[in-house]
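> One structure is given below, represented as C-alpha cells, and several questions about it will come after.
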Amino acid sequence: THATAPNVDSYIILKGQDFVQTNSGPPVAPNPSNVVFRSWVSLKGESTITNVALVLPNAIALDFPAHDQDHEFKFEDPFTSIGAMDAVYPSGLYTLLLATSNEGTMTNKLTLTGNSYPATPHLTNFAAAQSVNPTNDFTLTWDLIPGVTTNDFIFISFRDCHDTEVFSTPSPAKPGMLNGTRTSLVIRGRT
C-alpha cells in the first residue's frame, strides 16, 4: 500500500520476499530470512517530521529508527516463512503516526488486505546487463509476472555498493510508474 501526506513524498507498507538473481537462471533467496515486512516514509527534503510510529491491526505500536541520509524513516522485520510474517503482520488497518515539530501528530491509515504474493520476477537479459555501456540506452527485460495486472506496479531501484539509490522508476501513483504487466524498461544513457 502506498500514499502521500504533507511534508512526506510517500509512505509505503509492504509484505514480500527478497530474491537475488546472479546469473540467467532463476532468482534464489539470498538467505533463510528472505521474507520481510517493510515500511518506510520518504520525506520531502528537510521535513519537519521528527518521529514515525506504525500501529498494527492488533494495536501494537512500532517506533521507526531516526531518518537516514536519504531522508527516509525505515522499518524492516525479516522472517523465514510467509506464514510467520502473516501471523505477526496480519491483514487489516495499519496506522502511521508522523510526529512533526510544528503541526503535532499526523495520522495516516492504510489497509492491507489479502496475503497474496506474486511469482518471483526473472530478468531475461541478465548477461547483457552485466556489460552495459553507460553512454548508450539499455533495455532491461524480464518475464511477465504471472497473476499480476495493470492494477499492480513494478518498482525498479539500482543501488551502489553503499546502498545509495542511483536510479529508480517512479513510485506508485507518480507519472511514469510501471504497471504490473510491463516486461521491459529503457534506461537512458548517462542516466
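The values are calculated or read from the model by the stated rules, or taken from the named source; none is laboratory data. The model shown is predicted, which means the values in this text are computed figures rather than measured ones. For neighbour counting, all protein chains shown are included, and Cβ atoms are generated from backbone atoms with ideal geometry for every residue, glycine included. All accessible areas refer to the heavy atoms of the entire protein, side chains included, with ligands and DNA or RNA removed. Shrake-Rupley method; radii C 1.70, N 1.55, O 1.52, S 1.80 Å.
> Can you check how the C-alpha radius of gyration of the chain compares to 2.2 N^0.38 Å, as a plain ratio? Mind showing how you got there, number by number?
Working: Rg = 17.8 Å, N = 191, 2.2 N^0.38 = 16.2 Å.
Its radius of gyration relative to the 2.2 N^0.38 Å reference: 1.10.
> Let me ask you something else. Got a sec? What order do Phe167, Phe153, Phe37 fall in by accessible area at 1.4 Å, biggest, i.e. largest, first?
Working: Phe167 45, Phe153 100, Phe37 0 Å².
Putting Phe167, Phe153, Phe37 in descending order of accessible area: Phe153, Phe167, Phe37.
> Using r as the Cβ-Cβ distance of Val132 and Ala59, and R0 as 41 Å, what FRET efficiency do you calculate, to the nearest 0.05? Present the calculation step by step, with values, prior to reporting the outcome.
Details: r = 48 Å, r/R0 = 1.18.
The value I calculate is 0.25.
> I need the shape label for the range 144-191. Rule: rounded when a/c is under 1.5, else prolate if a/b > b/c, else oblate, with a, b, c from the alpha carbon gyration tensor.
Verdict is prolate for the range 144-191.
> How do the peptides 129-137, 108-116, 14-22 rank, highest first, by the average count of neighbouring beta carbon atoms within 10 Å per residue? Provide the component values of the computation, followed by the final result.
Working: 129-137: 9.9, 108-116: 11.9, 14-22: 14.3.
My ranking of the peptides, most packed first, is 14-22, 108-116, 129-137.
> May I ask you to evaluate 6.51 cos²θ - 1.76 cosθ + 1.60, the Karplus curve with θ = phi - 60°, for each residue of the range 57-66 and list the ³J(HN,Hα) values in order in whole Hz, giving x for glycine and proline?
x, 8, 6, 6, 9, 10, 8, 8, x, 4
> Another question about this same structure. With just the Cα atoms defining each centre, how far is the range 173-191 from the range 90-153? Give it in Å.
12 Å
> Also, I was wondering about something else. With the calculation restricted to Cα positions, what are the radius of gyration and Dmax of the range 43-127 in angstrom?
16.3, 51
> What nm distance separates the two modelled labels at Ser81 and Asp152, each placed 7 Å from Cα along Cα→Cβ?
Taking the two extended label points, one gets 2.4 nm.
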